[in-house]
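What follows is a single structure, written as structure tokens, with notes after it.
Only the coordinates and a few stated rules stand behind these numbers; no lab work does. It should be emphasised that the depicted structure is a prediction, and the values quoted were computed from it without experimental measurement. Don't worry about glycine lacking a Cβ; one is built from the backbone with ideal geometry, like all the others, and counts go over all protein chains shown.
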Amino acid sequence: MSATYSEIKALSEPEVMTDFLASEVISPALPGVRVKKVRAVSGRRFEAPRVLWNVYEAELELPGGVEIKPLIWTKAFFNDADCEDYRHRISWVLRHRNGNPLDPQGYVRFFPERNYFVFFFPTDPTFPSMPTVFDVEAMRPILEPHYQYLRPDATIGSLKAVRVKYLPEISCIVRYEADIGEERPLSIYGKVQHSRRGAFTYDVMKALWDVPARASGDLLLSEALGYYPKLDLMLQSELPGDDVKGDRHSDVFMEESETAGRTIGYIHSSGITVGTPHTMDVEIQRLTDRLEQFKMSSPKVYLALRDLLKQINAKAERIPPEIPVPSHGDYKYNQFLYDGNNFGLIDVEYFVQAEPSFDLGKYCGHLAPSAPKHWSDTERSNEARRVFLDAYCKVRPEYRGARFPLYESLSLATRALVVTWTQGRNWDYTAQTLIALSYERLKTRWGE
């Protein structure tokens, strides 16, 4: 019998998951281990009406009082046929990773009565090499030549693999920390990506490394070090800094908007030919396809976005496309790290050849706060938008922005769909607010 959304959602709550993990997974295999708490972490995805992913961190107490915090993720299917197809596709994992839940190689268990799969990291059916990627001794022969390239005078001691970011069955970022006898370890970052995207990311980063603006210091990014197809792993040098926070009132946020405008201007002017053509039709079709998933579960959002897309389509037919340029493909304020002095660009795996308005519209569409606490939040986001576009036009004064309103509107529409997808707090209100702003931006002419 197929599982209902309410049943799966109820099981997804951390408190319920705590009891379920203790009684159904840990106690039968490890009776001496106590499940103290389970909390949800980033990574939840809802592919309506088929699948719901959740990611958790569990606090476990081992015999002797030692505490560990393994990462656990679940995948629940609403339809028996989809569930059976997935079970068949990962049967090899179910056979070989079903022993000790705390095995360093990982663990998975299927609960047929609930159409429910429980995974312990690093088990991931999409990335069978993940246990090796996090085994530092297995990785040492691969990493040491790169450490020697970055610091020829350093002696590499112990190694440590730190999970930075993980999205089940999509990607994982790992930081390899090498003890070189200094206060701070020497780090190399690795990205595990599906569909051999690591090879493409490597090519993009090599091309960007040769851009004159990078050599002059106007474009800051990490250096691609190598790609290893058997591991689905791409390695790159460390880019110092921390994520830029979404505080629209901070000076750093405004400075980043100015830097981001110049940076994308340099990329658009670079002449890089890597990346496939990406048109507005692709963006509209992607939204249309995903929108159908929410026809029954979120009818208000569905109807509003459907009508919005019709208007975007109609306006796009009246305005000729812009000449394609090298494009970042996922350009947002959170694609930069800040070290206190400089902003470094990250995440270029979605690089394409697209209209310049694609990057600009996506960036500006993400400047608007999803849940403003004060009118000044929106005012500051508008100021950051102006600063960003002014900086871009200083690098590329020939840009006229004919299709910019279309892409900014699409960016806001996409955000509304993502909010519906993740189903966070007040998601329905937030989605409809973003849709309203999308309508407004669609009617706002360039320069206004």
Prolate/oblate/rounded label for region 29-104 (Cα gyration tensor, a/c 1.5): oblate
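How big is the charge dipole of region 139-218 about its Cα centre, in debye rounded to the nearest 20, if each Lys and Arg gets +1 on its Cβ and each Asp and Glu gets -1 on its Cβ? Mind dumping the intermediate values first?
Details: 12 positive and 10 negative charges, 74 e Å.
It works out to roughly 360 debye.
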Per residue, the convex hull volume that the Cα atoms of region 242-442 enclose (Å³): 118
Counting pairwise Cα distances across region 71-151, what percent come out greater than 21 angstrom? 39
Gaussian network model of the chain, springs between alpha carbon atoms under 10 Å - residue of PHE388, PHE110, PHE351 with greatest fluctuation: PHE110
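Just the Kirkwood number for the chain, please: inverse of mean 1/r across all distinct Cα pairs, in Å, one decimal.
Values: mean 1/r = 0.0418 Å⁻¹.
For the chain, the Kirkwood estimate is 23.9 Å.
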I need the per residue convex hull volume for region 130-237, using only the alpha carbons, in cubic angstrom as a whole number. 113
Cα centre as origin, Lys/Arg/Asp/Glu Cβ charges: region 309-436 dipole, Debye: 360
Going through the cross-link list LYS9/LYS300; LYS69/LYS332; LYS191/LYS443; LYS191/LYS315; LYS160/LYS206; LYS9/LYS295, which pairs have a Cα-Cα distance over 28 Å in this structure? LYS69/LYS332; LYS191/LYS443; LYS191/LYS315
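Using just the helices of the chain, give the 222 nm mean residue ellipticity in deg cm²/dmol: DSSP H runs with n ≥ 4 each add -39,500 (n - 2.57), and the total is spread over all residues, rounded to 500.
-12500 deg cm²/dmol
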For region 160-243, whose charge dipole is built from +1 on Lys and Arg Cβ atoms and -1 on Asp and Glu Cβ atoms, the candidate among PRO240, VAL204, LEU220 with its Cα farthest towards the positive end is VAL204
Work out Dmax and Rg for region 208-295 from the C-alpha atoms and quote the Rg first, both in angstrom. 17.7, 51
Rounded, prolate or oblate: which fits region 1-61, taking a ≥ b ≥ c as square roots of the Cα gyration tensor eigenvalues, rounded meaning a/c under 1.5, else prolate when a/b beats b/c? prolate
Dimensions (Å) - region 1-160, Cα atoms, principal axes, largest first: 62, 38, 28
Normalised by the number of residues in region 69-138, what is the relative contact order in percent for Cα pairs under 8 Å and 6+ residues apart? 33
Counting Lys and Arg as +1 and Asp and Glu as -1, what is the net charge of the other residues whose Cβ lies under 11 Å from the Cβ of PHE358? -4
Over the Cα atoms of region 348-408, what is the Rg over Rh ratio if Rh follows Kirkwood? 1.02
Share, in percent, of DSSP beta bridges within the chain that are antiparallel, nearest 5: 95
Semi-axes of region 325-448's equivalent ellipsoid from the Cα gyration tensor, sqrt of 5 times each eigenvalue, largest first, rounded to whole Å? 23, 18, 16
Using a Gaussian network model of the chain whose springs link C-alpha atoms within less than 10 Å, name the residue from ILE319, ILE188, ILE72 with the highest mean-square fluctuation. ILE319
Simple Cβ-charge dipole of the chain, Lys/Arg +1 and Asp/Glu -1, about Cα centre, in debye nearest 20: 1000
